[in-house]
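The values are calculated or read from the model by the stated rules, or taken from the named source; none is laboratory data. Given the structure is predicted, the values throughout are model-derived calculations rather than measurements. Heads up, the Cβs are rebuilt from the backbone with ideal geometry, glycines too, and the neighbour counts pull from every protein chain shown. Accessible surface areas use protein heavy atoms only, side chains included; no ligands, DNA or RNA. Shrake-Rupley method; radii C 1.70, N 1.55, O 1.52, S 1.80 Å.
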Amino acid sequence: MSTPLEDWIEQSFGTRPADAALFVRALTHSSHDGQSYERLEFLGDRVLGLVMAEWLSEAFPDDPEGSLSKRFNALVTGAVCAAVARSIGAEARVRLGKQAQNDGAQHGDNVLGDVMEALLGALYRTAGLDAARAAVRRLWADRIQADDRAPQHPKSALQEWAAANRRAVPAYALVERSGPGHAPRFTVRVGVGKDEVTAEGASKQEAETAAATALLATLEAQAVPKRKKRRR
């Protein structure tokens, strides 16, 4: 973290702020003294949404609304925002209270995803929408995958598989919530009939997604031998 904050902002977002105070706030968790990133996160979430919706509309002019929504939802998740935050080195710059830092909150998707949105909020406030748009398009460039079909969310894919195979509707249940408030862990169980798996995540949604992914893989693997047997 030897690079001065202003230099890091310029390297990460393509613009050098006259005053870095808003970026300091964007990096400040509520466990730390001073104003936290929460209001900037609220703003940055909307900035990211607008820029991403505009970009997808341009990049996929022939896609119907449903396909664009799938792409959008896959690109603005907390996990993706956290991955982008890691790619610019934000993890080392998050300002946390002592206990939260000892608990490793700066490494979790929840905090890093929020920080990334807050940084976009700070960028919008200090440099405007054009700067925010340019930063998002550069930082998300390798994730938009313009030549691929729209990604299917694992929960939707599991539900469609169950319907196509005349199985019960997937049922989700929260098994456990553990960890401190700033770094929670959720354990979720999902079942389709008698088949079920559990998975963990930093949020309930993340745990449900992981569980759906795991169960779908299990169900599809079970179905392969049956299909081969029918061909004989």
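A few points about this structure:
- Only listed residue being modelled with pLDDT of 95 or more and either loosely packed, with under 15 Cβ neighbours inside 10 Å or of a type in the set (A, V, I, L, M) (or both), chosen from L112, L123: L123
- Only listed residue being assigned to a helix (DSSP H, G or I), among the charged types (D, E, K, R) and touching a His at 6+ places or on another chain (Cβ under 9 Å), chosen from E58, E91: E91
- Subset of segment 158-167 (residues that are aliphatic (A, V, I, L, M) and open to solvent by less than 50 Å² (accessible area, probe 1.4 Å)): L158, A162
- Taking the conditions (1) under 30 Å from S178 (Cβ atoms); (2) acidic (D, E); (3) open to solvent by 60 Å² or more (accessible area, probe 1.4 Å) in turn, E58 satisfies each one other than (1).
- Condition check for T218: in a strand (DSSP E or B) and modelled with pLDDT of 90 or more: no
- A171 being surrounded by fewer than 21 Cβ atoms within 10 Å (Cβ to Cβ) and touching a Gly at 6+ places or on another chain (Cβ under 8 Å): yes
- So A83, is it closer than 25 Å to R185 by Cβ, hydrophobic (A, V, I, L, M, F, W, C) and open to solvent by less than 70 Å² (accessible area, probe 1.4 Å): yes
- For the residues K194, K155, K226, the requirement of being more than 29 Å from S36 (Cα to Cα), at pLDDT below 90 and surrounded by fewer than 18 Cβ atoms within 10 Å (Cβ to Cβ) singles out K226.
- Qualifying residue in segment 40-51 (condition: part of a helix (DSSP H, G or I) and modelled with pLDDT under 90): no
- For D63, the conditions (1) farther than 19 Å from D130 by Cβ; (2) in a helix (DSSP H, G or I) all hold with the exception of (2).
- Considering A100, A118, the condition of being modelled with pLDDT of 95 or more and crowded, with 18+ Cβ neighbours inside 10 Å is satisfied by A118 alone.
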